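A short worksheet on the structure shown next.
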Amino acid sequence: MTALLITGAALAQAPSPSVAPRMKAIIYHNYGSPDVLRLEEIEKPVPNDDQVLIRVRAASVNPLDWHVIEGAPYIFRLMGVGLFKPKETQLGVDFAGTVEAVGRNVTQFKPGDDVFGGRTGAFAEYVCARADRAVVLKPSNMTFEQAASVPIAAITALQGLRDKGKIQPGQKVLINGASGGVGTFAVQIAKSFGADVTGVCSTRNVDMVRSIGADHVIDYTKEDFTKSGQRYDVILDNVANHSLLEYRRLLNPRGKYVLIGGGGLNDGRWIGALARPITALVLSRFVTQDMSMMLAQMTKEDLTVLRDLMQAGKVTPVIDRTYTLSQVPEAIRYLEEGHARGKVVITMEPKNQSSPVSANLAANSGTPLKSYLIALALIGIVLGVSIVPVVVALLLNRQFRRRHPGYKPFRWGYYFSLMAFIGGLLLGIFLESTTAVIVCGIIYAVLAWFFAQRHRWAWITLTIFSFNPVAWIVNFVYLRKRWAEDSAATASI
Ligand SMILES: NC(=O)c1ccc[n+]([C@@H]2O[C@H](COP(=O)([O-])OP(=O)(O)OC[C@H]3O[C@@H](n4cnc5c(N)ncnc54)[C@H](OP(=O)(O)O)[C@@H]3O)[C@@H](O)[C@H]2O)c1
């Protein structure tokens, strides 16, 4: 008892543990609309030996941000970002700011350096970034807001044009969606490569797109560029609002179509535009043009290329609107409308004007029930596609054996029929139209039915149209074996 009392007294006199420094950041705990975002106080990050601690002065918003908040397309939730709720609770990537502290091994930066780059969690007062990753010195002729608008959008435009489009001086380049975040950088970067640039945008943006260097501007509200009769060497597509065949017709025989993105909040919530890259890849095999999608990689090297272009005055970010940290939900809502004019920027509000944490943001904590239902549906689809055909095939096999006791069992043939039918539906989805889904579904179902009746022509046709080299090999081997067995059985009757 005495010992306990002494311990208690000693504890009472001990100095209270020092409180870890805090910072304000935009946080979300559930998928949903921008209403799920909160301005919260969290622990200020501490740089490790290889990192720099940056006081964020400005950040910028990208469509990626609304994709991750909404957890859309839903299929992304199966890819490690969190099935029921987001694993990463901080938001934002693009930032510009001032180095406040550096780790022991960092030699490229020192406190006081102005930098910009990309790091998850940029909608916060501080970020830590590895010094050897995507962070570089800010050009002196750029404001923090301008520098923060660069990383994702400009890197996407640069890599799309240079690496995928293999852009050359004098080439004719079409940029669909020339007035948005990626588009405004793409027009200027394509000009810096000496290309002849055509930008596509709406009426209100025609003058702006011309002012940043486009040689020709097509107002999509008045003219359909796919019917202009013009041919291009490179098409950079930020909108994906025409069919791949229409884009192909616009390309020179060795032209390149680069799919950057497209599709708004309500376009294909389950798989979004994910089918299009696969269709482009397949189409590319049968045409002389190169059609593909690109995924931007945030690299220090390309940030340096962009910094040099900005320093030389060849690229100047176009900024549409500026919001404060507490207004991030409004900024994202605005971007979700799909008509941003250049970049939407977040500026860190001065300390004396800071808003009360969480108070000015919607108190809505999201719709966990909806997230759970979507997660269950995703699990159901995966299980359904992988397990249900096996079970149905087993049942059909059993029924077949009961009805035709003298016959060889159908083995995995029923399973193949069912998978072929599912493959037909997927092909329809890839072809991007409801009619294609219905037509492919019916064609594959009819083939599967005839195959189930043991018609060899249906088996061969389905195998070919599975577009699956593994199915081609497996079925070729199996088909030969099966036919040999059938001939032997016929001979012995
Ligand atoms: N693959 C990648 O690595 C990558 C990287 C970044 C972004 N992305 C994707 O690329 C797309 C564009 O990104 P962003 O940052 O530029 O988006 P954004 O800033 O929201 O720009 C959207 C632009 O699209 C234009 N637009 C809308 N409808 C159009 C139409 N029918 N024809 C032509 N233009 C139209 C709008 O111009 P008007 O107001 O004039 O209509 C607006 O300026 C998004 O889907 C994004 O997810 C992909």
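The values are calculated or read from the model by the stated rules, or taken from the named source; none is laboratory data. Quantities reported herein were computed from a predicted structural model and do not represent experimental measurements. Heads up, the Cβs are rebuilt from the backbone with ideal geometry, glycines too, and the neighbour counts pull from every protein chain shown.
When the residues of segment 455-465 are narrowed to those that are surrounded by fewer than 20 Cβ atoms within 10 Å (Cβ to Cβ) and in contact (Cβ under 8 Å) with a residue 12 or more places away in the chain, which ends up nearest to Phe400 (Cα to Cα)? This residue is Arg456. Checked against (1) in contact (Cβ under 8 Å) with a residue 40 or more places away in the chain; (2) within 19 Å of Leu64 (Cβ to Cβ), Asn266 meets all criteria but (1). Any residue in segment 185-200 that is more than 16 Å from Ala157 (Cα to Cα), in contact with a helix residue (DSSP H, G or I) (Cβ under 6 Å, 6 or more places away or on another chain) and modelled with pLDDT of 95 or more? There is no residue in segment 185-200 that is more than 16 Å from Ala157 (Cα to Cα), in contact with a helix residue (DSSP H, G or I) (Cβ under 6 Å, 6 or more places away or on another chain) and modelled with pLDDT of 95 or more. When Arg133 is tested against (1) within 16 Å of the ligand (Cβ to nearest atom); (2) assigned to a loop (DSSP other than H, G, I, E, B); (3) surrounded by fewer than 24 Cβ atoms within 10 Å (Cβ to Cβ), only condition (1) is not met. Residues in segment 240-291 that are exposed (fewer than 15 other Cβ atoms within 10 Å of the Cβ), among the charged types (D, E, K, R), within 16 Å of the ligand (Cβ to nearest atom) and in a helix (DSSP H, G or I): Glu246 only. Please work out which residue is farthest from Gly264 (Cα to Cα), limiting yourself to segment 44-80 and to residues that are assigned to a loop (DSSP other than H, G, I, E, B), at pLDDT below 95 and within 16 Å of the ligand (Cβ to nearest atom). Only one residue tops the list, namely Gly71. If only residues of segment 136-150 that are out of contact with any Phe, Trp or Tyr (no Cβ under 6 Å at 6 or more places or on another chain) and part of a loop (DSSP other than H, G, I, E, B) are counted, the one that is surrounded by the fewest Cβ atoms within 10 Å (Cβ to Cβ) is Ser140. The set of residues from segment 176-210 being touching a Gly at 6+ places or on another chain (Cβ under 6 Å), at negative phi and near the ligand (Cβ under 9 Å from one of its atoms) comprises Ala178, Gly183, Thr184, Val209. Cβ-Cβ contacts under 8 Å between residues 6 or more apart (or on different chains), taken from a first residue in segment 148-166 that is basic (Lys, Arg) to a second residue that is in a loop (DSSP other than H, G, I, E, B) and within 9 Å of the ligand (Cβ to nearest atom), are listed as Lys164/Met294. Considering every residue within segment 207-230, establish whether at least one is free of Cβ contacts under 8 Å to residues at least 24 places away in the same chain, of a type in the set (A, V, I, L, M, F, W, C) and touching a helix residue (DSSP H, G or I) at 6+ places or on another chain (Cβ under 7 Å). Scanning segment 207-230, I find at least one residue that is free of Cβ contacts under 8 Å to residues at least 24 places away in the same chain, of a type in the set (A, V, I, L, M, F, W, C) and touching a helix residue (DSSP H, G or I) at 6+ places or on another chain (Cβ under 7 Å), so the answer is yes. Pairing each residue of segment 360-384 that is at pLDDT below 50 with any residue that is part of a helix (DSSP H, G or I) and of a type in the set (Asp, Glu), provided the two are 6+ apart or on different chains, yields C-beta distances under 7 Å for Ala362/Asp35; Asn364/Asp35. Taking each residue of segment 64-90 that is farther than 17 Å from Leu274 by Cβ and looking for partners that are crowded, with 17+ Cβ neighbours inside 10 Å and polar (S, T, N, Q) with beta-carbon atoms closer than 8 Å, six or more apart or interchain, yields Ile69/Ser33; Phe84/Ser371; Lys85/Asn30; Lys85/Ser371; Pro86/Asn30.
When segment 85-94 is filtered for residues that are surrounded by 16 or more Cβ atoms within 10 Å (Cβ to Cβ) and either part of a loop (DSSP other than H, G, I, E, B) or in contact with a helix residue (DSSP H, G or I) (Cβ under 6 Å, 6 or more places away or on another chain) (or both), the ones remaining, listed by number, are Lys85, Pro86, Thr89, Leu91, Gly92, Val93, Asp94. Residues that are of a type in the set (A, V, I, L, M, F, W, C) and in contact with a helix residue (DSSP H, G or I) (Cβ under 9 Å, 6 or more places away or on another chain) were ranked within segment 104-124; the one that is farthest from Val344 (Cα to Cα) is Val115.
The set of residues from segment 434-492 being of a type outside the set (S, T, N, Q), farther than 24 Å from Arg398 by Cα and outside any helix (DSSP H, G or I) comprises Phe465, Phe467.
So that you can scan it fast, the table gives a plain yes or no per residue for (1) of a type in the set (S, T, N, Q); (2) part of a helix (DSSP H, G or I):
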| position | (1), (2) |
| --- | --- |
| Ile152 | no, yes |
| Leu161 | no, yes |
| Lys166 | no, no |
| Ser179 | yes, no |
| Ala186 | no, yes |
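Annotation note: of Gly268, Gly255, Gly264, the sole residue that is at pLDDT 95 or above, small (Gly, Ala, Ser) and out of contact with any His (no Cβ under 7 Å at 6 or more places or on another chain) is Gly255.
Criterion first (more than 9 Å from the ligand (Cβ to nearest atom) and within 13 Å of Val200 (Cβ to Cβ)) does Asp219 satisfy it? Considered against the rule, which asks whether it is more than 9 Å from the ligand (Cβ to nearest atom) and within 13 Å of Val200 (Cβ to Cβ), Asp219 comes out as no. Exactly one residue out of Ala280, Ala312 is of a type in the set (A, V, I, L, M, F, W, C) and within 23 Å of the chain's Cα centre (by Cα), and it is Ala280.
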